[in-house]
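Only one structure is covered here, and it is reproduced in the block below.
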Amino acid sequence: MDAARGTVPVMVTIAETRVTIRDAVPTDAAAICGIYNQGIDDRVATLETERRTPDERRAWMAARGARHPVLVGEVDGVVTGWASLNQFNARPVYDHVADLSVYVERAWRGRGVGRALLAALIERARAIGYHKLVLAAFPDNVAGMALYARLGFTRVGVYREQGVLDGRWVDVVVMERLL
């Protein structure tokens, strides 16, 4: 197995949910799109407001290099969540820091899919050679914030009024984990 590429799927059992984590492939674009659009619609995890299309997600996946993988979590062969390592900043001094994203299908939230994805993403980040992972979360995303804390992320601070969502200013909590 090539750990940096994650070519072998990993099976994780959490709370009796068997989640298989693997690299995303182009045929996953529709599922990734649907889950991301739920996150956009629910206003719990992103400042993004424009729904995506499967073609846009496929192009987004194709444009990513080996240092910025997209993983999917499957239960019984169905994609139930996805996670990605994203460029934190284009300046070379930040090459060892990655931003991350984790999204879980509504019906699977709170059932171990997010935890399995985040744990796999942390391991992948280590294998690639990252030193630190960072994220920004909405303060009212209680489940997400608890998950991040359980997996070793610490709160760095709050960006006050970071964006306007649905006509109101929203804060985001910044968290990090040294690897």
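The values are calculated or read from the model by the stated rules, or taken from the named source; none is laboratory data. Everything numeric in this text was worked out from a predicted model, so none of it was measured. Ideal geometry is used to build each Cβ from the backbone, glycine not excepted, and the neighbour counts take in all protein chains shown. Ligands, DNA and RNA are stripped out before the accessible areas are found, and what is left, the full protein with its side chains, is counted by its heavy atoms. Shrake-Rupley method; radii C 1.70, N 1.55, O 1.52, S 1.80 Å.
So the values come out like this:
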quantity	calculated
Count of residues meeting criterion [without any contact (Cβ under 8 Å) to a residue 40 or more places away in the chain, under 29 Å from TRP169 (Cβ atoms) and surrounded by fewer than 15 Cβ atoms within 10 Å (Cβ to Cβ)] in segment 102-141	2
Which numbered condition THR17 misses (of (1) at pLDDT below 95; (2) in contact with an Asp or Glu (Cβ under 9 Å, 6 or more places away or on another chain); (3) of a type in the set (Ser, Thr, Tyr))	(2)
Cross-chain or 6+ apart pairs with Cβ under 8 Å, segment 39-61 first and closer than 13 Å to THR27 by Cα, then open to solvent by 70 Å² or more (accessible area, probe 1.4 Å)	ARG58/PRO26; MET61/PRO26
Residue list for segment 69-95, filter: open to solvent by less than 50 Å² (accessible area, probe 1.4 Å) and without any contact (Cβ under 8 Å) to a residue 12 or more places away in the chain	ASN89
Any hit, segment 156-170, residues being surrounded by 13 or more Cβ atoms within 10 Å (Cβ to Cβ), at pLDDT 95 or above and among the basic types (Lys, Arg)	no
Residue among VAL19, VAL79 that is under 21 Å from ALA146 (Cα atoms) and in contact with a strand residue (DSSP E or B) (Cβ under 6 Å, 6 or more places away or on another chain)	VAL19
Matching residues in segment 101-155 - criterion: being closer than 21 Å to THR17 by Cα and assigned to a loop (DSSP other than H, G, I, E, B)	GLU105, ARG109, GLY110, ARG111, GLY112, LEU151
Filtered residue count, segment 43-57, keeping only those that are under 15 Å from GLY167 (Cα atoms) and charged (D, E, K, R)	3
Where a residue in segment 3-30 is under 20 Å from GLY129 (Cα atoms) and acidic (Asp, Glu) and its partner, wherever it lies, is at pLDDT below 65 and open to solvent by 60 Å² or more (accessible area, probe 1.4 Å), with Cβ under 8 Å and at least six apart	ASP23/ARG5; ASP23/THR7
Enumeration of residues in segment 31-68 that are surrounded by 15 or more Cβ atoms within 10 Å (Cβ to Cβ) and aliphatic (A, V, I, L, M)	ALA31, ILE32, ILE35, ILE40, VAL44, ALA45, MET61
Meets criteria (under 20 Å from GLY81 (Cα atoms), touching a Gly at 6+ places or on another chain (Cβ under 8 Å), at pLDDT below 95 and open to solvent by less than 50 Å² (accessible area, probe 1.4 Å)) for GLY144	yes
